[in-house]
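What follows is one structure encoded as structure tokens, with my remarks underneath.
Quick note: the coordinates plus some simple rules give every number you see, no bench work behind them. Quick caveat, the model's predicted, so the values are computed rather than measured. Cβ sites come from the backbone with ideal geometry, for glycine too, and all protein chains shown count toward neighbours.
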Amino acid sequence: MIFLRKAFFVVAVLLWVCFLSAPAAGGASPGEEVLPPFLPTDRVLILAPHPDDEAIATSGVIQRCIQNNIPLKIVYFTNGDNNELSFVVYEKRLVFRKKAFVYMGEVRRKEAVRAMEYLGLSEENLTFLGYPDFGTMEIFSRYWNPARPMRSMMTRVTAVPYKDSLSFGAPYAGPSVVKDLKKVITDFRPTKIFVSHPADTNRDHRALNLFLRVVLWDLEGAIEPPQVYTYLVHVVRWPMPRGFRPSLGLSPPKNLADVGIKWQDLVLTDKEVWNKRGAISFYRSQLAYAPSYLYTFARKDELFDDFPDVHLSRKNTSSLQWQDIRIYPEMDEATEKEKEISDLSYAVQGQDLMVRLALRHRFNKNFGIFLYLFGYRKDVDFAEMPKIRISVGMRGAHVWDKLRRLRTKDVTLAYEGKALIVKVPLTLLGGPDRILACAKTSSKDLPLDNTAWRIVFLDDGA
């Protein structure tokens, strides 16, 4: 009997080893495409909002580049110094001193260096920008005057505090970020850029995507345009199930499965999956409070995508021609109840941008809508362009440009049943040729629903 048990154990172990060493299933899942192969002429730039995002989302890309001797650079937008929960769990103590949070940013930087060295990438290929964790969207939305920089909530500083950053002492303002990203891109000349997704629920992830878009627009004609691939990290109840499950693949989140996205899939070998898990394991400060979540991303593939651009014609606009951006696919009843905005459309009428939001509920004293409309035009410094935020509630619309509230009656509201139509003069947006747009709802200042950032092009053709 003992012999049979030992024999059974040996067979089981051998079967498990064979399972782990078997090559990963090739090809993408139905409805997905395979990520184009890396070429000898490629130069790959990975932009990570925080230390650990590059390991979570692109460890396969990193390994594939190293295997094929493809030049690779990783840039970290923040040092992740504002994750108070992870700090408490990691340090096992409450901390309120600003130097302690800077120390946490240094800890996370060292974790990133070790994780990437584990995958075979030396520290000289890593660049840290040091902008404020959980504050970069505020910078993008409001702080474009270096003389009036943002103050970080936890570190309580107004400039990059890390001496080993690209621009130590740079003020927390939009021009600083744009300057740093331009320097990285013009020096490195990437052919492919991997960056965080505009639908990611984390504010820093969204902000990094927006800053990159502006920088690439500024550099049009100065460099060969790189191919941009976006990756997801923070999405509610995704991926599931949680935990390290190397035999499973990643499927697109339900709310992004059928909204016009072109999903592309990088299939990993079993060795690459286990190396990815190994790289993630170096982020002990984050694993201390969310181990199952981080390891969930070590699966047999990595997903990348991007939204199609929205194009609106500025001609023949005598009648409204709404462009529906398909913010959600067909949803079941349970999912529908979670969404306050069921449809979002844009149109141009004369010299006005029209925004239509189909809402599940009418306005009340607790419920409100925020529209973000940031115009861009090639002949004007983006720092000088308006950054318009519109708050809509029972008392009408309030409009802000960066830090300043505008006293304007030019933004008007109309209702069609539960649909709200907002008319915004294009002159208020700076006469743009493209717009970065987003909408969200809130209840008692708590966010309810947050649509992805989309690029709206204003075309002069029919």
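Sort 179-189, 429-439 for me by packing, meaning the mean count of neighbouring Cβ atoms within 10 Å per residue, highest on top. Show your work: numbers first, answer last.
On the way: 179-189: 17.0, 429-439: 20.9.
Packing proxy ranking, top to bottom: 429-439, 179-189.
What spacing in nm lies between the two simple spin-label points modelled at THR41 and LYS163, each 7 Å away from Cα in the Cβ direction?
Taking the two extended label points, one gets 4.4 nm.
What number comes out for the charge environment of PRO71, summing +1 per Lys or Arg and -1 per Asp or Glu over other residues with Cβ under 14 Å away?
Within the 14 Å Cβ shell, the charges total +2.
Taking the simple approach of a point 7 Å from Cα along Cα-to-Cβ for both SER247 and ALA100, what is their distance in nm?
Those two pseudo-labels are separated by 4.5 nm.
Compute the length gained on full extension between ALA383 and ARG314: take 0.36 nm times their separation in residues and subtract their Cα-Cα distance, giving the result in nm to one decimal. Walk me through the numbers before you get to the answer.
Values: separation 69, 0.36 × 69 = 24.84 nm, distance 2.49 nm.
Residue separation times 0.36 nm, minus the Cα-Cα distance, leaves 22.4 nm.
Suppose every K and R has +1 on its Cβ and every D and E has -1 on its Cβ; what is the size of the dipole of region 376-462 about the Cα centre, in Debye to the nearest 20?
Details: 16 positive and 11 negative charges, 97 e Å.
Dipole magnitude for region 376-462 comes out near 460 debye.
Give the order of ARG109, ARG242, ARG213 when sorted by the count of other beta carbons within 10 angstrom, beginning with the fewest. Can you show the working numbers first?
On the way: ARG109 22, ARG242 14, ARG213 18.
With the sparsest Cβ surroundings first, the list reads ARG242, ARG213, ARG109.
For a quick size check, give me the Cα extents of region 18-304 along its three principal axes, largest first, whole Å.
Extents along the principal axes, in whole Å: 57, 51, 37.
Rounded to the nearest 20 debye, what is the charge dipole size of region 18-304 about its Cα centre when +1 sits on each Lys and Arg Cβ and -1 on each Asp and Glu Cβ? Each step should come with its number before you reach the end.
Working: 36 positive and 30 negative charges, 184 e Å.
That gives region 18-304 a dipole magnitude of about 880 debye.
Cut-off 20 Å, label point 7 angstrom out along Cα-to-Cβ of GLU117: give me the residues of region 44-67 whose amide nitrogen falls inside.
51-56, 59, 62-63, 66-67
Just grab the label-to-label distance for ALA147 and ASP258, each label 7 Å out from Cα along the Cβ direction, in nm (one decimal).
5.5
Cα-based Rg of region 135-240 per 2.2 N^0.38 Å, rounded to two decimals?
Working: Rg = 14.8 Å, N = 106, 2.2 N^0.38 = 12.9 Å.
With N residues counted in region 135-240, Rg over 2.2 N^0.38 Å equals 1.14.
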